[in-house]
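Each remark here refers to the structure printed beneath this line.
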Amino acid sequence: MDQFKTGFELDKSEEKKEGWYRKITKIYLILLIITIVFSSGILLGSSLNNKGNKPTKEIIKETSIELSDIFKNSEKINSLLFRELWDIIHNNYFDQNNIVDEELFYGSLSGMIAALGDPYSMFLNPDNTEKLTQELDGTFYGIGAEIGKRKGLLVIIAPLPDSPADRAGLKAGDKIIAIDGQDATNLYLDEAVDLIRGEKGTEVILTVFSENENIAKDIIIIRGKIEIPSVTYELEDKIALVRIFHFNGDTDKKFTKIAQKILRDNPEGIILDLRNNPGGYLDVAIDIASNWLEPNKVVVRETFSDKRKDKSYQSYPKLNLGKFKTIILVNRGSASASEILAGALQDYGIATLVGEQTFGKGSVQQLILLSNNSSVKITVAKWLTPNGRTIEEEGIIPDYEIEFTLEDFENELDPQLVKAQELIKELIQ
């Protein structure tokens, strides 16, 4: 997940209709692509669909006319600039041996998407599209951390539990300023992730600034195979503690079994831990929320630039966990589907939130397969809670803000969990 799953929201109903790539919609995580040649992108995307295996230079030659057709109504765009720049590179660039036409070609596509200035819209070449499919299957190689951007800086959204990043001490909110000694402050997200990824067993050194620390530190992480966990359950002192690590394809099925066990155990209350949960499938968030909500209640709203497309996702009949006093734990690593679930239960007064303000990932991306196994992920909408609260950049503010400090971590203390346990006891009295 190091780059791609940073809160991807996927609509499984689309999966059944259009095949794997076109079925993946409403994706979350957090990626920018290198900026090159904005004026050429639209043409090249269309040319890939019908040029077959022709050489790239031949495609460029043919599509110059198509560019003229696309931009014929715009006086500010000279479509011939692309061909002009292409020729300049091939005739004047110093290191001709290092010119790779395919990279220039994909770079131009990336440039159009990057020009939108949206950190979640991106072009994926075939290699990165393949990496995405591996991550969505639940297993991949890397350090096991969600990475996003805040105020222009790379930031750790959440390390996965028991991942190489977690074991090395990486924490939500850490700002990455260098990767293996290379300045990372001006890197796009995909560039940073490419540097962080590597072969299993190799090491990467991240230089980070942690919260409340004035000195950067190097964290050495050994890359490994990342098994994305889903959901766990334990009953402690008559309180059900459920932790959802990610909203994967198997999470709803596993959660349903846990919900059945909770009903049998009949605890005094439920603590639902969504801390450092970066998101996943939108449908799974709706499924799980339905265990607390009455049927036909709005779980999340989607708003588009064309307001006629606005729609709401509603709950449906599931197991009844709403009868239990419920506390939800959140922090800055809770993003995307986590925020949808927490925001919905908070809006309806069904759950009390404890912890820290969430990350604020509330935009909807759609992944569209292009020819040659490349793809484009583009922001199409934003999410609102049932009461109309904006999630994007705002996050969800807990009812009880409790900080989890470095000192707490080092001393194996969890003041947020302790507060949740106290509230459960208070609510049942």
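With 23 Å as the limit, the listed pairs 309/361; 254/311; 253/361 have 254/311; 253/361 beyond it between alpha carbons.
Charged side chains reduced to their Cβ positions (Lys and Arg at +1, Asp and Glu at -1) give the stretch 369-429 a dipole of some 660 debye around its Cα centre.
Among 380, 299, 155, rank each residue by its count of other Cβ atoms within 10 Å, from fewest to most, as a rough exposure measure. Going from sparsest to densest Cβ surroundings: 380, 155, 299.
The slack in the chain from residue 130 to residue 92, taken as 0.36 nm per residue of separation less the alpha-carbon distance, amounts to 10.3 nm. The separation of the stretch 147-188 from the stretch 258-307, counted between C-alpha centres, amounts to 28 Å. What is the local net charge at residue 397, summed over the other residues whose Cβ is closer than 10 Å to its Cβ (Lys, Arg +1; Asp, Glu -1)? Computed value for this residue: -3. Packing, taken as the mean count of other beta carbons within 10 Å per residue, orders the peptides 325-333, 193-201 from highest to lowest as 325-333, 193-201. Electrostatic tally near residue 261: other residues with Cβ closer than 12 Å to its Cβ, Lys and Arg +1, Asp and Glu -1, net +1. Modelled label positions at residue 76 and residue 202, each set 7 Å beyond Cα in the direction of Cβ, lie 4.3 nm from each other.
Highest mean packing comes first when the peptides 240-246, 123-129 are listed by Cβ atoms within 10 Å, giving 240-246, 123-129.
FYI, it's all coordinate maths here, none of it is from the lab. Owing to the predicted nature of the structure, the values given are computational and were not obtained by experimental measurement. Quick reminder, even Gly has a Cβ in these numbers, built from the backbone with ideal geometry, and neighbours come from all protein chains shown.
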